[in-house]
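A quick write-up on the structure given underneath.
The values are calculated or read from the model by the stated rules, or taken from the named source; none is laboratory data. On a predicted model such as this, the values are computed, not experimentally measured, just so you know. FYI the Cβ positions are ideal-geometry reconstructions off the backbone, even for glycines, and counts take in every protein chain you see.
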Amino acid sequence: MKPTIALVGRPNVGKSTLFNRLTKSRDALVADLPGLTRDRHYGHGRVGGKPYLVVDTGGFEPVADDGILYEMARQTLQAIDEADAVVFIVDARIGLTPQDKLIANRLRQLDRPVRLAVNKAEGMQASIVAAEFYELGLGEPWAISASHGEGVRGLMEDILDGF
Ligand code: GDP
Ligand code: MG
């Protein structure tokens, strides 16, 4: 069975850049403007002979709701619901944010594999990059660079190992 892997995270963390690398396609719009990709994009890829379907989501849009500042966008929740596994992407340059913690709280309740990818880590020491993200409670953070292709293969091999 070909697993479906959803890429989730705040706008601008590099979901579409990672999607493009994982699919070698131009299907996902990569932009400097946060949150430009609103809908889900699907693409096929393969690592170490193992095929997968990857889903790029529009990320988490700010919603004012009874004092809760941010909620997962419905599209993203649907993508997670359809997925066999999730790659949650955070930004090594920005560091841990309150929105990251809210997203992590939801992902921790999932009964399927989640990997935490700390993106934009090129030129940084992996252990230092990872340190502040352990508290999200999603296991070992994976330092990656979607744009430089660093750490991506190891992350995908690890997540595909379970399928
Ligand atoms: P999305 O909103 O999560 O889909 O993020 P994008 O993929 O559109 O990327 C947002 C910005 O981050 C763009 O300017 C990308 O070029 C940049 N970016 C993505 N991945 C990396 C990376 O690994 N390193 C660095 N330095 N920038 C990156
Ligand atoms: Mg995007």
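Results for (1) at pLDDT 90 or above; (2) under 21 Å from P3 (Cα atoms), shown as yes or no for each residue.
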| site | (1), (2) |
| --- | --- |
| H41 | no, yes |
| G58 | no, yes |
| D65 | no, no |
| D111 | yes, yes |
| A121 | yes, no |
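When we screen V13, V90, V54, V30 for residues that are outside any helix (DSSP H, G or I) and at pLDDT below 90, the only hit is V30. Restricting A104, A121 to those that are touching a Ser or Thr at 6+ places or on another chain (Cβ under 6 Å), without any contact (Cβ under 8 Å) to a residue 40 or more places away in the chain, buried (at least 19 other Cβ atoms within 10 Å of the Cβ) and not in a strand (DSSP E or B) reduces the list to A121.
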